[in-house]
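Here the structure comes first, spelled out in structure tokens, and everything after it is commentary.
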Amino acid sequence: MTRFLRLSLALIAPISFLAVAACASGAQMSALVPQAMRPHVTPQCTRDFSLSVTPSNANVTAGSSKTYQIGLTSLCGLAGSINVGTTRISPADNGNGPRPHQARYDLPLDANGKAAVAVTFSTTALTLKQTYTIAITAKDVSGGCCYGLTHTASVSLTVE
């Protein structure tokens, strides 16, 4: 009959654990001592911002207008001036397509803060009744580490 003598010791601190097992019949002894847990390392945070536009799609009657909300959120402490605006409306409509209007284009963004602006797309009775894809682009124009950092969001506007 083989008898085992087992001794285990677990320390309350999460960095170590010791287990020792001895076999009485076979002069074998083993010990398991895992490496101390690595210190918690926070992944590098890269300064950035996110861009959102709501709603993502909307309908409007020709001759009317529709307003979208553009939102910016600072990530990892980015602060500066972000230029926001409509960069493309597709398909082109011979000058009668939806026209963007917004109060300001350069938005100050505080570190870990938020900023927003409304953009209104107006149509005329001559605007073709179809769905337009609209690209909204935001670009850091303040200089420093993130100058030129750009994000684009697409939304659609259906003219009825």
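The values are calculated or read from the model by the stated rules, or taken from the named source; none is laboratory data. These numbers were taken from a predicted model, which means no experiment stands behind them. For neighbour counting, all protein chains shown are included, and Cβ atoms are generated from backbone atoms with ideal geometry for every residue, glycine included.
You will find that of 105, 147, the residue that is farther than 12 Å from residue 51 by Cα, aromatic (Phe, Trp, Tyr) and in contact with an Asp or Glu (Cβ under 9 Å, 6 or more places away or on another chain) is 147 and no other. Would you check if residue 86 is loosely packed, with under 14 Cβ neighbours inside 10 Å, within 26 Å of residue 48 (Cα to Cα) and touching a Pro at 6+ places or on another chain (Cβ under 9 Å)? No; evaluated as a whole, the condition is false for this residue.
Residues are listed down the side, and each one gets a yes or a no for (1) more than 20 Å from the chain's Cα centre (by Cα); (2) at pLDDT below 95; (3) not in a loop (DSSP other than H, G, I, E, B):
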site: 82; (1), (2), (3): no, no, yes
site: 85; (1), (2), (3): no, no, yes
site: 89; (1), (2), (3): yes, no, yes
site: 92; (1), (2), (3): yes, yes, no
site: 96; (1), (2), (3): yes, yes, no
site: 100; (1), (2), (3): yes, no, yes
site: 104; (1), (2), (3): yes, no, no
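State all residues of region 43-68 that are over 20 Å from residue 131 (Cβ atoms) and touching a residue at least 40 places away in the same chain (Cβ under 8 Å); if no residue qualifies, say none.
Just the residues of region 43-68 that are over 20 Å from residue 131 (Cβ atoms), to begin with: 43-52.
Selection gives 47, 48, 49, 50, 51, 52.
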